[in-house]
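Throughout, read-outs are computed from the coordinates displayed, never taken from laboratory work. Please read these numbers as outputs of a predicted model, since none were measured by experiment. In this analysis, Cβ positions are derived from the backbone assuming ideal geometry, glycine residues included, and neighbour counts consider all displayed protein chains.
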Amino acid sequence: MGIQITPSILSADFAALGAEIARVPSADWIHVDVMDNHFVPNLTLGPAMVEALVRSTTVPVDAHLMITEPDRNSAAYVEAGASSVTFHVEAAAAPVRLAREIRRLGARASMALKPATPIDPYEDLLAELDTVLLMTVEPGFGGQTFLELCLPKIRRCRELMDKHGVQTWLQVDGGISLETIERCAEAGADVFVAGSAVFDADDPDAMVAALRERAVTATT
Ligand code: DX5
Ligand code: ZN
């Protein structure tokens, strides 16, 4: 699939999200951060808003669920039209069953790991997943500093994906910018979430292009 850039609307103007999404027409995905004030200390939006956002754009939407009980709540986001649903392994009671359910309902199944969660215990799950999301900040807020300590895990995850010959995408989220994207791409990431870097830029779509170019250059 190659390099993909997925702007996070967490750093966009919440009073004008449809218009904000229209500012990044070259995005591969739109990343929507769902937070429940329990799994993370922040509160954002739910399925009704995801449904409205999906209707507002032709770009596919990935719902990043930073919520407790994703086993009970993920289906609503597929039904809302998300093309990918990302649940946190730390919150999932039965990640294999959940990934299979998301796929069965017709979306890509994506599993996220917080910075302190190791990838090795989940080696055998890789074939069940369309995407692994490695958080490169503690989830909850945009605009945080990239955690360099996550780089070895990105490298390890890519090794495990190669070992198993899976087509699973390796996504990173948190602190991705023109300064950090090359290191993540070199380590093996291929999908890049960027919130503040994109929406704080004067020209968000030009920033999407610039991020893409950096990542492509780092991997060719
Ligand atoms: C943080 C969210 C991220 C956030 C990233 O918990 O999952 O998607 O929007 O924002 P930046 O790119 O500003 O670190
Ligand atoms: Zn996110």
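Classify segment 75-208 as rounded, prolate or oblate from the Cα gyration tensor: take a ≥ b ≥ c as the square roots of its eigenvalues, call it rounded if a/c is under 1.5, otherwise prolate when a/b beats b/c and oblate if not.
Oblate, since a/c reaches 1.5 and b/c is not below a/b.
Which residue, LEU98, LEU17, LEU134, tops the fluctuation ranking in a GNM of the chain built on C-alpha contacts under 10 Å?
Largest GNM mean-square fluctuation: LEU17.
What relative contact order, as a whole-number percentage, does segment 4-218 give when Cα pairs under 8 Å and 6 or more residues apart are counted?
After rounding, I find 20 percent.
Can you figure out the FRET efficiency of ALA16 with LEU105, using R₀ = 25 Å and their beta-carbon distance, to the nearest 0.05?
On the way: r = 30 Å, r/R0 = 1.21.
Plugging the Cβ-Cβ distance into 1/(1 + (r/R0)^6) gives 0.25.
Arrange the following residues from fewest to most other Cβ atoms within 10 Å of their Cβ: GLU128, GLU69.
Details: GLU128 19, GLU69 15.
By the 10 Å Cβ count, ascending: GLU69, GLU128.
Listing SER84, SER26 from the residue with the fewest other Cβ atoms within 10 Å to the one with the most, what is the order?
Ascending Cβ contact count within 10 Å gives the list SER26, SER84.
I want to verify a result. In a Gaussian network model of the chain, Cα cutoff 10 Å, which of these has the top mean-square fluctuation: ALA52, ALA116, ALA15?
ALA15
Would you mind working out the magnitude of the charge dipole of the chain relative to its Cα centre, with +1 at each Lys and Arg C-beta and -1 at each Asp and Glu C-beta, to the nearest 20 Debye?
That gives a dipole near 460 debye.
In segment 4-218, what percentage of the DSSP-assigned beta bridges are antiparallel, given to the nearest 5?
Antiparallel: roughly 5 percent of the beta bridges in segment 4-218.
Please find the FRET efficiency linking GLU213 to LEU125, where r is the Cβ-Cβ separation and R0 is fixed at 41 Å, and quote it to the nearest 0.05. Mind showing how you got there, number by number?
Working: r = 33 Å, r/R0 = 0.80.
With a Förster radius of 41 Å, E is 0.80.
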